[in-house]
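The values are calculated or read from the model by the stated rules, or taken from the named source; none is laboratory data. Since we're looking at a predicted model, the values are computed, not measured. Because the Cβ atoms are built from the backbone with ideal geometry, glycine has one as well, and the counts that use them run over all protein chains shown. Accessible surface areas use protein heavy atoms only, side chains included; no ligands, DNA or RNA. Shrake-Rupley method; radii C 1.70, N 1.55, O 1.52, S 1.80 Å.
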Amino acid sequence: MRRLYPGPESPGEPEREWALDELAEAYAYPAAAAAGAGWLRANMVSSLDGAAHHGGRSKPLSNAADMRIFGVLRALADVVIVGAETVREERYRPARRRAEFAERRAAAGQTVVPAIAVVSASLHLDFSLPLFTEPEVPTLVITGAKAPHARLLAAREAGAEVITAGDQAGVDPRRIKPELVRRGHTRLLTEGGPRLLGQLAAAGVVDELCLTVSPRFTVGTAPRVMSGPEIPDPVDLELTDLLAESGFLFGRYRRP
Ligand SMILES: NC(=O)c1ccc[n+]([C@@H]2O[C@H](COP(=O)([O-])OP(=O)(O)OC[C@H]3O[C@@H](n4cnc5c(N)ncnc54)[C@H](OP(=O)(O)O)[C@@H]3O)[C@@H](O)[C@H]2O)c1
């Protein structure tokens, strides 16, 4: 890993693997987030030609350094928000406990792992999966007030905590963050997918985008990392950090 921006601290320094602690420092949430306002970070990987998946999975776009950052971002978060289609396609499992982050999480007053929060209107989810039955901390299901009753019962029976954040079957993306912050989750991370992230971005509630650009192209028709109706005006973000390893670029962008 090398820092390209700001810096580099030592020009010409060769790539080296960063310790997990170094990555955790580099990606620390801003203090204001921990102070209660809540900070929503998105983490996504894109191919050079803009694809957010290949064959329905993001792994073909990723590499070891990307997975390392993915793991660190999870380890820093109170909650990981994810769309139901990503849970289905990527066969999401509960976050796993990692000894390397135990002390840091305890000192920050965090649970041993972040909770996974699944956003779904249909609740067409397999509640017999470990994501719901075996998490270290209960999985959250974020849905609308008119979600199917039988599926709500199934979610609760499996041990999930259901959060209502919309008056219809769907969720109002503007309500996700305040509902989670109210429950003490102020360091928020979303791992997409593109349809959920498109709505969060269009609603203006994404504070930061961690974007991996993979030096691969895929052609095809996969969506970009945000998909949905075009917003009236392009939104500017500022680049705060740019890291590189093995041709992969790891950018971090914030709302000014
Ligand atoms: N490149 C990356 O970094 C990355 C990251 C994540 C995922 N992916 C890829 O993206 C693909 C899946 O992404 P996707 O965009 O199709 O789906 P997605 O955003 O993961 O999930 C869409 C689903 O989330 C629920 N949802 C979204 N907005 C909602 C709202 N306002 N109210 C209620 N429910 C809502 C709905 O679930 P219900 O249908 O249950 O109602 C909807 O069908 C996968 O192939 C995955 O591999 C890539």
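The table below lists the values:
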read-out	value
Subset of region 110-128 (residues that are in a loop (DSSP other than H, G, I, E, B) and either within 14 Å of the ligand (Cβ to nearest atom) or open to solvent by less than 20 Å² (accessible area, probe 1.4 Å) (or both))	Val113, Pro114, Ser120, Ala121, Ser122, Leu123, His124, Leu125, Asp126, Phe127
Test: Ala155 is within 30 Å of Tyr27 (Cα to Cα) and not in a loop (DSSP other than H, G, I, E, B)	no
Residue, farthest from Ala158 (Cα to Cα), within region 133-143, restricted to residues that are within 14 Å of the ligand (Cβ to nearest atom) and in contact with a Ser or Thr (Cβ under 7 Å, 6 or more places away or on another chain)	Thr143
Answer from Ala32, Ala28 - the residue that is without any contact (Cβ under 8 Å) to a residue 24 or more places away in the chain, surrounded by fewer than 16 Cβ atoms within 10 Å (Cβ to Cβ) and not basic (Lys, Arg)	Ala32
Residues located in region 241-256, provided they are out of contact with any Asp or Glu (no Cβ under 8 Å at 6 or more places or on another chain) and under 29 Å from Ala32 (Cα atoms)	Asp241, Leu242, Leu243, Leu249
Residues satisfying the stated conditions in region 37-67, i.e. open to solvent by 20 Å² or more (accessible area, probe 1.4 Å) and of a type in the set (Lys, Arg)	Arg57, Lys59
Selection within region 40-67 - touching a residue at least 60 places away in the same chain (Cβ under 8 Å), near the ligand (Cβ under 6 Å from one of its atoms) and either of a type in the set (D, E, K, R) or farther than 25 Å from Glu15 by Cβ (or both)	Ala52, His53
Search result, residues across region 240-256 that are in contact with a helix residue (DSSP H, G or I) (Cβ under 8 Å, 6 or more places away or on another chain) and open to solvent by 50 Å² or more (accessible area, probe 1.4 Å)	Ser246
Cβ-Cβ under 8 Å pairs, at least 6 apart or on other chains, region 136-155 side over 14 Å from Val118 (Cα atoms), far side acidic (Asp, Glu) and away from the ligand (no atom under 11 Å from the Cβ)	Ala145/Asp167; Lys146/Asp167
Residue list for region 187-239, restricted to those being loosely packed, with under 13 Cβ neighbours inside 10 Å and among the hydroxyl-bearing types (Ser, Thr, Tyr)	Thr221
Selected residue (criterion: nearest to Leu129 (Cα to Cα)) from residues of region 93-109 that are open to solvent by 30 Å² or more (accessible area, probe 1.4 Å) and either near the ligand (Cβ under 10 Å from one of its atoms) or in contact (Cβ under 8 Å) with a residue 60 or more places away in the chain (or both)	Glu100
Filter result for Ile163 (surrounded by 16 or more Cβ atoms within 10 Å (Cβ to Cβ), in contact (Cβ under 8 Å) with a residue 40 or more places away in the chain and more than 10 Å from the ligand (Cβ to nearest atom))	yes
Filter result for Tyr27 (modelled with pLDDT of 95 or more and out of contact with any His (no Cβ under 9 Å at 6 or more places or on another chain))	yes
